[in-house]
Amino acid sequence: MATLDRWEPFRGTSPDTQLNRLFNDFFGRATQDQNLTTWAPAVDIYESEHELVVKADLPDVKPEELDIRVENNILTIRGERKFEKKVDEKNYLRVERAYVLSLAAFSLANTVNTDAIKADYRDGVLTLSVPKREEAKPKQIKVNVNAQAAAAGAR
């Protein structure tokens, strides 16, 4: 004998999630390829005295699949993570990891030298070092005190 459960589609979810769920339920769910979408990698950005550093998590993305560009002072990171064909799709019980294309775009200030960006990819983490232009680096200004002004101040 089957049991009936009360359907509460909006319990414990945000309004955006509720609306998306309502449309998906009403218009029919996407095919099994719904995980084949654009995903954005987790990114850390920090600044030192001499450079800006961007670190992006790109697990299972091969270095040859990375495309890093700067155009009109917009830094764009693209990478393709392909679905593993080693396992028959019928054997998957759950697929939650997004596939196909990762995309991250950042606006760069005019204070960086985009011609000298260095990229390093290790253990699924892309590290970009974006050096600052010389004129953008902090400069310390030394205050000169002449002997005459020092003597006048001592009186």
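The values are calculated or read from the model by the stated rules, or taken from the named source; none is laboratory data. Keep in mind that this is a model prediction, so the values were computed, not measured. Every residue, glycine among them, receives a Cβ derived from its backbone with ideal geometry; neighbour counts consider all protein chains shown. These accessible areas exclude ligands, DNA and RNA; they are computed on the full protein's heavy atoms, side chains included. Shrake-Rupley method; radii C 1.70, N 1.55, O 1.52, S 1.80 Å.
Go through (1) surrounded by 12 or more Cβ atoms within 10 Å (Cβ to Cβ); (2) modelled with pLDDT under 70 and name the single condition VAL54 misses.
It fails just one condition, (2).
(1) more than 20 Å from GLU134 (Cα to Cα); (2) modelled with pLDDT of 85 or more: which one isn't true of SER107, the others all being true?
Failed condition: (1).
Can you find a residue that is at pLDDT below 90 and part of a loop (DSSP other than H, G, I, E, B) anywhere in segment 115-131?
No, segment 115-131 has no match at all.
When you scan segment 132-151, how many residues do you find that are closer than 20 Å to GLU49 by Cα and either open to solvent by less than 100 Å² (accessible area, probe 1.4 Å) or at pLDDT 85 or above (or both)?
The qualifying residues number 6.
State whether the residues of segment 62-73 include one that is modelled with pLDDT under 75 and not acidic (Asp, Glu).
no
Are there any pairs with C-beta distances below 9 angstrom linking a residue in segment 110-127 that is closer than 17 Å to ILE77 by Cβ and open to solvent by 50 Å² or more (accessible area, probe 1.4 Å) to a residue that is of a type in the set (Val, Ile, Thr) and outside any strand (DSSP E or B), with the two at least 6 apart or on different chains, and if so which?
As it stands, the answer is TYR121/VAL61, since those pairs meet every condition given.
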